[in-house]
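The values are calculated or read from the model by the stated rules, or taken from the named source; none is laboratory data. Since we're looking at a predicted model, the values are computed, not measured. Methodologically, a virtual Cβ is constructed for each residue, glycine included, from the backbone with ideal geometry; neighbour enumeration extends over all protein chains shown.
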Ligand code: ATP
Ligand code: MG
């Protein structure tokens, strides 16, 4: 089944922030004009996100509605958050921290996390978010790599994951505990904030000064610490508007965990810089809760991920029927390839297609996107945003060879956009290796079609070579989930004497289906018809869950290592270990 292009109605196209005209005339001055800036060419992300809006008379605008797991609801204006972050900045200073010091955040979707992130930036210090679900070891490793000076966390997390070892980390001088009480040696954030002033002028930073350290998801190996600068905020402002259709007052929901880059770039910075009214839900994925939230909060722009979308699809169309999604005007997805089936499903159930977009920790923000004015080819990541030049290349000696339309190669970007990482912490050689012949090489394989749309093929590490064919797992996985019994799929290559590699698929079944030889045969038959015998999996193995990172990415390398009895490598970001 080929998926037809989804053509946008004229009124939707006309409503788009990024029109063809703007795209054609774009210059970097347009992006810079989206920022308030500070005198002398300085800036500060927290100033762009909060204080500049307050200064412009928007202090009373709603900035965030927070929904607690247990039904609590709290509302914050821009002035509220500006005041809270000022207090937080004072607390850091009062404890002897200064510009450039590194503050780590370790908690779930709590308001204090926002306050900590932006308060740290306001004080000219560097913020690094961690997943609250990490165990002690991954936390410690990252804080060592990042030479943490302070940590903001909760009493429960401190007790279970930090108390034992933190005194052995010489750089770590301050532990702030959310709430009114703190264990010995730590500082309670509540009273410290209450005693601090709620005004603090954001420290003027050079655009090249470090603002954030983000660790990659660890899907392909050991996580890398990517360094990002204050100047990145120009790209967050711009992509929030052009790729996610944010306007002042837009009711916006980003479902990403704040422990990774999406949760910061598009869960904190881009929405606030664009003065939206965002929603923060403390709870984890729950079908009815999510549908009610979309309906009751009248969400207009929703940024989520393929794993969640597939879970919703799995529950069937009927589950969505009772809800009113009429406020939604833009749906976007990131983090993993979005199967064409999911785009079409979104269009049916929400009346709008999902707009897939592509980026990575290293790029700091969205690079390739399906935007509101574009027709959507289901399965494609879209086109490079204005200011981005993307190519399909192959390493060739000290340079690269560029490919043309329809050819598969490594996705490469011309360096120079504001949110590009400036370093991998302590890994200069690895960083340098990513830049070749005037390109940044992403490690992902892709193809560009005749209309300039980019198509994700797979990670370079996941490519399968079988009987002279090169197979990207995404294509096979997408075909598999079209089968009525299949909810999720992961495809790897296993060594084979004659073919080089053979394709093996792991699948999770939809409710109402049980593993059986018959279903296995039916799935393989479907794949053979869709893909041809050379590409279709030779074996289909049933699993209850697939190994995923905490940011929702399938760890194919782990399936492969386990299958071959090889070392599992770094599994610090593995979410569940049930196989
Ligand atoms: P590591 O680099 O540590 O192995 P990771 O690459 O998964 O982990 P992230 O930076 O969080 O870490 O993820 C970025 C990667 O996610 C991209 O390089 C790409 O492989 C994948 N990705 C993100 N968005 C998309 C998308 N829309 N389509 C396909 N793949 C995507
Ligand atoms: Mg990566």
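If you check residue 546 against the conditions, is it under 31 Å from the mean Cα position of the chain (by Cα), under 25 Å from residue 216 (Cβ atoms), more than 16 Å from ligand 2 (Cβ to nearest atom) and in a loop (DSSP other than H, G, I, E, B)? For residue 546, the condition - under 31 Å from the mean Cα position of the chain (by Cα), under 25 Å from residue 216 (Cβ atoms), more than 16 Å from ligand 2 (Cβ to nearest atom) and in a loop (DSSP other than H, G, I, E, B) - is met. From the list 557, 538, the one residue that fits, being surrounded by fewer than 21 Cβ atoms within 10 Å (Cβ to Cβ) and within 28 Å of residue 447 (Cα to Cα), is 538.
Mind checking whether some residue in segment 286-303 is farther than 19 Å from residue 105 by Cβ, within 13 Å of ligand 1 (Cβ to nearest atom), at pLDDT 95 or above and in contact with a helix residue (DSSP H, G or I) (Cβ under 9 Å, 6 or more places away or on another chain)? Yes: segment 286-303 contains one or more residues that are farther than 19 Å from residue 105 by Cβ, within 13 Å of ligand 1 (Cβ to nearest atom), at pLDDT 95 or above and in contact with a helix residue (DSSP H, G or I) (Cβ under 9 Å, 6 or more places away or on another chain).
Out of curiosity, is residue 283 assigned by TED's automatic domain parsing to the domain that holds residue 118, within 16 Å of ligand 2 (Cβ to nearest atom), surrounded by fewer than 21 Cβ atoms within 10 Å (Cβ to Cβ) and touching a residue at least 60 places away in the same chain (Cβ under 8 Å)? No, not satisfied. Restricting to segment 238-249, and then to whatever is buried (at least 22 other Cβ atoms within 10 Å of the Cβ) and in contact (Cβ under 8 Å) with a residue 40 or more places away in the chain, can you tell me which residue is nearest to ligand 1 (Cβ to nearest atom)? Only one residue tops the list, namely 243.
Among strands (runs of 3 or more DSSP E) entirely within segment 335-408, having at least 2 residues that are more than 10 Å from ligand 1 (Cβ to nearest atom) and under 19 Å from residue 446 (Cα atoms) singles out 380-384, 390-396, 399-402.
For segment 199-216, indicate whether the set of residues that are within 13 Å of the chain's Cα centre (by Cα), over 30 Å from residue 179 (Cβ atoms) and in contact (Cβ under 8 Å) with a residue 40 or more places away in the chain is non-empty. Checked segment 199-216: at least one residue is within 13 Å of the chain's Cα centre (by Cα), over 30 Å from residue 179 (Cβ atoms) and in contact (Cβ under 8 Å) with a residue 40 or more places away in the chain. Within segment 416-428, if we keep just the residues that are surrounded by fewer than 21 Cβ atoms within 10 Å (Cβ to Cβ) and away from ligand 1 (no atom under 16 Å from the Cβ), the residue that is nearest to the chain's Cα centre (by Cα) turns out to be 416.
Residues are listed down the side, and each one gets a yes or a no for (1) within 17 Å of residue 413 (Cβ to Cβ); (2) touching a helix residue (DSSP H, G or I) at 6+ places or on another chain (Cβ under 7 Å):
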position: 433; (1), (2): yes, no
position: 445; (1), (2): yes, yes
position: 448; (1), (2): yes, no
position: 461; (1), (2): no, yes
position: 467; (1), (2): no, no
position: 480; (1), (2): no, yes
position: 497; (1), (2): no, no
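Just one of the listed residues (58, 95, 53, 90) is within 21 Å of residue 264 (Cβ to Cβ) and in contact (Cβ under 8 Å) with a residue 40 or more places away in the chain, namely 53. Of note, residue 307 satisfies the criterion of being modelled with pLDDT under 95, in a helix (DSSP H, G or I), assigned by TED's automatic domain parsing to the domain that holds residue 114 and in contact with a strand residue (DSSP E or B) (Cβ under 8 Å, 6 or more places away or on another chain). Do we find that residue 444 is at pLDDT 95 or above, out of contact with any strand residue (DSSP E or B) (no Cβ under 8 Å at 6 or more places or on another chain) and either under 21 Å from residue 558 (Cβ atoms) or more than 16 Å from ligand 2 (Cβ to nearest atom) (or both) in this structure? No, not satisfied. In this entry, residue 351 is excluded by the filter for residues that are touching a residue at least 40 places away in the same chain (Cβ under 8 Å), on the phi > 0 side of the Ramachandran plot and surrounded by fewer than 20 Cβ atoms within 10 Å (Cβ to Cβ). Whether any residue in segment 518-535 is under 23 Å from residue 461 (Cβ atoms), in a helix (DSSP H, G or I), within 16 Å of ligand 2 (Cβ to nearest atom) and modelled with pLDDT of 90 or more is what I want to check. For segment 518-535, residues under 23 Å from residue 461 (Cβ atoms), in a helix (DSSP H, G or I), within 16 Å of ligand 2 (Cβ to nearest atom) and modelled with pLDDT of 90 or more: absent. Consider residue 220 carefully, then state whether it is within 16 Å of ligand 1 (Cβ to nearest atom) and touching a helix residue (DSSP H, G or I) at 6+ places or on another chain (Cβ under 7 Å). So residue 220 passes the test.
A quick yes/no check of all residues on (1) exposed (fewer than 15 other Cβ atoms within 10 Å of the Cβ); (2) closer than 30 Å to residue 301 by Cβ:
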position: 149; (1), (2): no, no
position: 186; (1), (2): no, no
position: 202; (1), (2): no, yes
position: 206; (1), (2): yes, no
position: 236; (1), (2): no, yes
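Here residue 458 clears all of (1) assigned to a strand (DSSP E or B); (2) away from ligand 2 (no atom under 16 Å from the Cβ); (3) modelled with pLDDT under 95 except the condition numbered (2). Only one of the numbered conditions (1) crowded, with 16+ Cβ neighbours inside 10 Å; (2) in contact with a helix residue (DSSP H, G or I) (Cβ under 6 Å, 6 or more places away or on another chain); (3) more than 24 Å from residue 572 (Cα to Cα) is violated by residue 180, and that is (1). The residues on offer are 99, 91, and the sole one that is touching a helix residue (DSSP H, G or I) at 6+ places or on another chain (Cβ under 7 Å), at pLDDT 95 or above and in the same structural domain as residue 231 (by TED's automatic domain parsing) is 91. Of all residues in segment 426-444, those that are without any contact (Cβ under 8 Å) to a residue 12 or more places away in the chain have Cβ atoms under 6 Å from Cβ atoms of residues that are within 16 Å of ligand 1 (Cβ to nearest atom), 6 or more apart or on another chain, in 431/423; 431/424. Answer yes or no as to whether residue 65 is in contact with a helix residue (DSSP H, G or I) (Cβ under 9 Å, 6 or more places away or on another chain), surrounded by fewer than 18 Cβ atoms within 10 Å (Cβ to Cβ) and in contact (Cβ under 8 Å) with a residue 60 or more places away in the chain. Judged against the criteria, residue 65 is not a match. Where strands (runs of 3 or more DSSP E) sit wholly within segment 195-280, those with at least 3 residues that are within 16 Å of ligand 2 (Cβ to nearest atom) occupy 210-215, 225-229.
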